[in-house]
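Just so you know, all these numbers are worked out from the coordinates, no wet-lab data involved. Every value quoted in this text rests on a predicted model; they were computed, and no experiment measured them. Cβ coordinates were reconstructed from backbone atoms using ideal geometry, including for glycine residues, and neighbour counts include every protein chain displayed.
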């Protein structure tokens, strides 16, 4: 099984992806009902909305044997640091694609620090935090742009 991540800032939202994030709102709370309804309206109106712009965020497809099985979204806080969200689509869950995809991301990204936040409401919280720990992430205090302390899983890459 060859799992790889492919930078694809041109990826267009599909109805299936919108439904996935909406159905897993406990893991992706920023994808609120308002965002969901707005996204569906835009799709119905024929808009082609990109997942990322490359300047403030990045989007990587997770590919296994030519099939896109999920994605990694990175919100950039600087040129060297970004916060990662990862989603494996339901029909591909349970195959340990996430840790392999994150390991490939470490190789392919230009970032030197990757942060991750695991929502308390996420039903997979314990499994995800165990995976992050196994991948070398540490639970640390980081500071946002207003110097407010936040607890995040952090991985410093040797670049």
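Cα-based values for the chain, radius of gyration first and Dmax second, are 15.4, 45 Å. Using the average count of surrounding beta-carbon atoms within 10 Å as a protection proxy, the listed peptides 113-121, 87-95 rank, highest first, as 113-121, 87-95. From a point 7 Å beyond the Cα of residue 23 in the direction of its Cβ, which residues of the stretch 35-75 have a backbone N at a distance under 14 Å? Those under the cut-off are 70.
Each label was represented as a point 7 Å from its Cα along the Cα-to-Cβ direction; for residue 33 and residue 50 these points are 3.2 nm apart. Between the Cα long axis of helix 33-44 and the first principal axis of the chain there is an angle of about 50°, rounded to the nearest 10. Binning all Cα-Cα separations of the stretch 5-97 at 5 Å, short to long from zero, yields these whole-percent fractions: 3, 13, 22, 25, 22, 11, 4, 0.
Between helix 97-108 and the chain, what is the angle of the helix's C-alpha long axis to the longest principal axis, kept within 0 to 90° and rounded to the nearest 10? The angle comes out at about 70 degrees.
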